[in-house]
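The values are calculated or read from the model by the stated rules, or taken from the named source; none is laboratory data. Model, not experiment: these values are computed from the prediction. When we count neighbours, we look across all protein chains shown, and the Cβ atoms used for this are built from the backbone with ideal geometry, even at glycine. Areas reflect the complete protein model, heavy atoms only, side chains present, ligands, DNA and RNA absent. Shrake-Rupley method; radii C 1.70, N 1.55, O 1.52, S 1.80 Å.
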Amino acid sequence: MIDGVARGANRIIYGASDPRVRAIWRISIAIVLSFAGALLGIALLRYVVVGELFVPVVGHFFAVLGVLSALVVLARYADDREIPEYGFRLSRRWVLELCLGTALGIGLVGLAFAVSYWQGSVTVVEVLSAGTTRSFAFGIGVVVLGWIFVAFWEETLLRSLFFKNAAEGLAARGLTPPVAVFGAWLSSSVIYGFLHGPLGSNPESVPLLYALAMTAVMGGLFGIAYALSGELAVPIGLHLGINVAEHNLFFGPPEAVTPAVLRVARPGSGGHIQFQSIEPVVIVPVFAFGYLCVIGWVYLRDGTISHSVRTQGPTSHNDSRKSVTHD
């Protein structure tokens, strides 16, 4: 009976052909540790007095610590791989692609603003607003640091730890590598949309389902960059560029603590505008253009278009804990 229980527990924890714990548990570890860091930051902010400008920076800094702990724990104890394999093969090209991704993110938001302004669906209410900060430059520096933290921890969690393990888990169930990668891309995009839809700050005038769907499409843009490159440089850059451009360059909320080059609002209602929740006639072509840019960049770089995310995990190490399956 004891052997039967041990075998049953073993099947729940470990895969049939992989000495590591199942992908679902590896993903769960990453999510729990990452959000534990974020929650710790939120709890700390309840007891420490921090200026409004610094609240997001502190909160996301602890989320970064959380995702870093998840990265180390998974790499050493669960995933059996080196940290660079998650998308951190740092080099001059990696840095260049980070910058290119940031530029593309800013360009996409700028394009959406230009079309929206031309259509008359947004109105500029203030230019070069410092918010509640005394120095515009200092305020921008603080918020950019915060957006760097956001881009790093969210992309590391969803486009690396989650994506990589989801692809391996789906492949272990018999799916072909392209289908497994597609499933990982789709699931990570939907989860990203969910977290930024109901749990996000979408404007009240925007239907929740639409906000969720468009945010998932944006997450898909980050995801396809990771799927095709296997690196986090472009996803982090895209995420960073879009966040900075939306909140502090082109679509600054009418009333906000943080500085913004342009503060815009909806004509008439005066409500704030969320980049990914702009009217479909604007945002869908903008996202399509972004997808084409990422795919075109991969083709120019590699001369081909194919996924770079491996769907078979390392199998060089045998885990003695699986020995109960051979008894």
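Which net charge results when you count Lys and Arg as +1 and Asp and Glu as -1 among the other residues whose beta-carbon is under 15 Å from that of PHE275?
Values: positive: ARG263, ARG266; negative: GLU246, GLU279.
Residues close to PHE275 contribute a combined charge of 0.
In the elastic network of the chain, a GNM with C-alpha springs shorter than 10 Å, the most mobile of GLY87, GLY131, GLY51 is GLY51. Mind pulling the angle between the C-alpha long axis of helix 163-172 and the longest principal axis of the chain? Nearest 10 degrees, somewhere in 0 to 90. It is inclined by approximately 40 degrees. For the chain, the Cβ-based charge dipole about the Cα centre amounts to some 500 debye (Lys, Arg positive; Asp, Glu negative; other atoms uncharged).
Answer rounded, prolate or oblate for the range 157-197, using the Cα gyration tensor with square roots of eigenvalues a ≥ b ≥ c: rounded when a/c is under 1.5, else prolate when a/b is larger than b/c, else oblate.
Prolate is the answer for the range 157-197, as a/c is 1.5 or above and a/b outweighs b/c.
Are there any chymotrypsin sites (Phe, Trp or Tyr not before Pro) in the range 75-123 that are in a DSSP loop and have at most 16 other Cβ atoms within 10 Å? List them by number. For chymotrypsin sites (Phe, Trp or Tyr not before Pro) across the range 75-123 that sit outside H, G, I, E and B with at most 16 neighbouring Cβ atoms in 10 Å, the list reads PHE88. Comparing ALA172, ALA43, ALA63 in a Gaussian network model of the chain (Cα springs below 10 Å), the most mobile by mean-square fluctuation is ALA43. Output the 0 to 90 degree angle, nearest 10, between the alpha-carbon long axis of helix 92-119 and the longest principal axis computed from the alpha carbons of the chain. Tilt relative to the chain: about 40 degrees. Taking 7 Å steps out from each Cα toward its Cβ at TYR299 and ALA130 produces label points 4.9 nm apart. In this Cβ point-charge picture (+1 for Lys and Arg, -1 for Asp and Glu), the range 151-274 has a dipole of about 140 debye about its Cα centre. In the chain, helices alone account for a calculated mean residue ellipticity at 222 nm of -20000 deg cm²/dmol, with every DSSP H run of four or more residues adding -39,500 (n - 2.57). Only protein heavy atoms count here; on that basis, with a 1.4 Å probe, HIS307 has an accessible area of about 70 Å². Helix 208-229 axis versus longest C-alpha principal axis of the chain: approximately 60°, rounded to the nearest ten.
Net charge dipole, the range 42-194: roughly 120 debye, given to the nearest 20, about the Cα centre with Cβ charges of +1 for Lys and Arg and -1 for Asp and Glu.
So for the chain, taking the charge dipole from beta-carbon charges (+1 Lys/Arg, -1 Asp/Glu), which of SER121, PHE251, THR102 sits furthest toward the positive end? Toward the positive end, the furthest listed residue is THR102. Panel note: the C-alpha atoms of the range 205-277, placed on their principal axes, show extents of 44, 28, 16 Å (largest first). Measuring between their Cα centroids, the range 216-267 and the range 73-138 lie 5 Å from each other. Per residue, the Cα convex hull of the range 65-118 amounts to 107 Å³.
For the range 212-250, list residues with backbone N below 19 Å from a point placed 7 Å from the Cα of LEU90 toward its Cβ? Of the residues in the range 212-250, 230-238, 240 have backbone N under 19 Å from the label point off LEU90. Taking the empirical scaling 2.2 N^0.38 Å for compact globular proteins as reference, the chain has a Cα radius of gyration ratio of 1.08.
Largest GNM mean-square fluctuation across SER91, SER308, SER277, computed for the chain with C-alpha springs under 10 Å, falls on SER91.
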